[in-house]
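Data first, discussion second: the structure below is written as structure tokens.
The values are calculated or read from the model by the stated rules, or taken from the named source; none is laboratory data. As the structure is a computational prediction, the values presented were derived from the model and not from experiment. Here the Cβ positions follow ideal geometry from the backbone for every residue, glycine too, while neighbour counts run over all protein chains shown. Side chains are part of the model used for accessible areas, which takes the heavy atoms of the whole protein and leaves out ligands, DNA and RNA. Shrake-Rupley method; radii C 1.70, N 1.55, O 1.52, S 1.80 Å.
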Amino acid sequence: MTTSADQIVDTLEVTVLDVGHGNCAVIRDGTRCVVVDAPPGTTLFDELERCGITHIDHLVLSHSDLDHMGSAVKLLWDTRFLVGMIWYNPDGTKQSKAWQNLARQAYLRYREGALLNGQRNLNTASSADLAFSQRANIEVLHPDLEMATLGPSASATPIGRLTANTLSAVLRVSLNGSPAVLLPADIDALALERMISFGVDLKSHVLVFPHHGGKAKTSDSQKFAATLCQAVEPDLVLFSMARGGRFSNPDPEMVSGVRSARPHAHIACTQISTHCHRGTPPPAGNSHLSLHAAAGSSAGSCCAGTVTIGWGSTGLETTPSPQQHKEFIQLLDRPLCRSDSISLPVPRSRDASED
């Protein structure tokens, strides 16, 4: 299903796509578009085509992990789309073929004139260059210039051990001047501590929780989640994660930390966590889902699915609404996002901080 021309012109929204284990957001103001992260899979491409988008002003890659940049090369070479500028920070520690291929292909596309405005690095001194719209504003809140200059390193630096996750770009998107969505990628405890110590304003209506709700290089997940939520003060906390697979996100300790700091915030996952429902297949019921592309739709594994934060007649509006999502989770065995379901953390067989 495609979007009508009138709908495109009026659109002002941030769409957090259900991509399974990964992150991806599409920011739109009419025909103008920014893509933040491009994980493996077809969901991003399906959404761009559904919306009738052919020109991407900025392609922003928060860091070098595959679940954030795995389809970036494919996007650069897809003749259906024209990319104006690509943003990412160098990472000499990343030896993956996907990252090395991106470096090569971005160079080739720029040399051929297909990457119209070239490449830029992501740090707090570069926010002004991300301007693309009068109504949608994107701020780079992390890394700061010192951290970004040092870059990821296998050895310790004067400010600590810096990994790709530590240096994940943190973006805040405002719609009509109202802080709408915080996209913190895979930041860890060191990155969060750095931003808070510098007095960075993280407040936002929606928090897309970092690292898919997995461990964040910290011995105290509850404290990390609570500290983050105290700084952001979100009304909605969204976990972008996959049902099943190698991980079992979100970590119940993280959810407990969110709840302790923001007891009245709505909590949702893009797909149904195995912590919440063990049954296979997942329960029927998808009337609450939006029409946007979603990786979990074909398998029936969407929980909130793809979530849109848009500007409507009453200000910021979320689709599906919290009420629609609350009605859906009644079908689940033990939804973590329901306050009366949170008890002792479920044992984990693997530490998700490795990815």
Discussion item. For a quick check, take a GNM of the chain with Cα springs below 10 Å and name the residue from Cys302, Cys51, Cys33 with the largest mean-square fluctuation.
Written reply: Cys51
Worksheet item: Once the dipole of the chain is set up with Lys and Arg at +1 and Asp and Glu at -1 on Cβ about the Cα centre, which of Pro322, Asn101, Ala191 lies farthest towards its positive end?
Response: Asn101
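Rounding to the nearest 20 debye, state how big the charge dipole of the stretch 65-224 is about its Cα centre with +1 on each Lys and Arg Cβ and -1 on each Asp and Glu Cβ.
Values: 16 positive and 14 negative charges, 73 e Å.
Magnitude of the dipole: close to 360 debye.
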Item to complete: For Leu316, tell me the accessible area in Å² from a 1.4 Å probe, rounded to the nearest 10.
Response: 40 Å²
Worksheet entry | Positive-end residue, the chain charge dipole about Cα centroid, Cβ charges, pick of Leu145, His211, Ala265 | His211
Worksheet, complete the sentence: Honestly the stretch 10-147 on the Cα gyration tensor test (a ≥ b ≥ c root eigenvalues; a/c under 1.5 rounded, otherwise a/b vs b/c for prolate or oblate) is just rounded
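Before rounding to the nearest 500, sum -39500 (n - 2.57) across all DSSP H runs of length at least 4 in the chain and divide by the residue total; then give [θ] at 222 nm in deg cm²/dmol. Intermediate results must be reported in sequence, preceding the final value.
Numbers: 10 runs with 85 residues, N = 355.
Theoretical 222 nm ellipticity from helices: -6500 deg cm²/dmol.
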Discussion item. Let me cross-check Asp144: its accessible surface, 1.4 Å probe, with only protein heavy atoms counted, in Å² to the nearest 10?
Written reply: 20 Å²
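Can you tally the net charge around Arg262? Count Lys and Arg as +1, Asp and Glu as -1, for every other residue whose Cβ sits under 15 Å from the Cβ of Arg262. All intermediate terms of the calculation are to be shown ahead of the outcome.
Details: positive: Lys203, Lys223, Arg259, Arg338; negative: Glu233, Asp235.
Surrounding charge for Arg262 is +2.
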Item to complete: Mind pulling up the Rg/Rh value for the stretch 202-347? Radius of gyration and Kirkwood radius, both on Cα.
Response: 0.94
Worksheet item: Please state the Cα pair-distance histogram of the stretch 77-183 with 10 angstrom bins from zero: what percent is in each bin?
Response: 13, 36, 37, 14, 1
Worksheet item: Can you give the accessible area of Ser71 in Å² (nearest 10), computed on protein heavy atoms with a 1.4 Å probe?
Response: 10 Å²
Worksheet item: Using a Gaussian network model of the chain with C-alpha springs under 10 Å, which one of Gly41, Gly113, Gly151 is most mobile by mean-square fluctuation?
Response: Gly113
Response to the item:
For the chain the mean separation of alpha carbon contacts under 8 Å (6+ apart) over residue count, i.e. relative contact order in percent, is 15 percent
Discussion item. Using a 7 Å offset from the Cα along the Cα-to-Cβ direction at both Asn286 and Thr157, what is the distance between the two label points in nm, to one decimal?
Written reply: 4.4 nm
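With a cut-off of at most 16 other beta carbons within 10 Å, and DSSP calling the residue loop, which trypsin sites (Lys or Arg not before Pro) in the stretch 126-220 qualify? Please list them.
Arg135, Arg161, Lys203
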Worksheet item: Can you give the % of DSSP beta bridges in the stretch 101-255 that are antiparallel, to the nearest 5?
Response: 70 percent
Worksheet item: Of [x] 41, 30, 16; [y] 28, 25, 19; [z] 31, 27, 24, which is the value of semi-axes √(5λ) of the Cα gyration tensor in Å derived from the coordinates here?
Response: [y]
Practice prompt. With an 8 Å cut-off on Cα pairs and a minimum separation of 6 or more residues, tell me the relative contact order of the stretch 41-162 in percent.
Written response: 22 percent
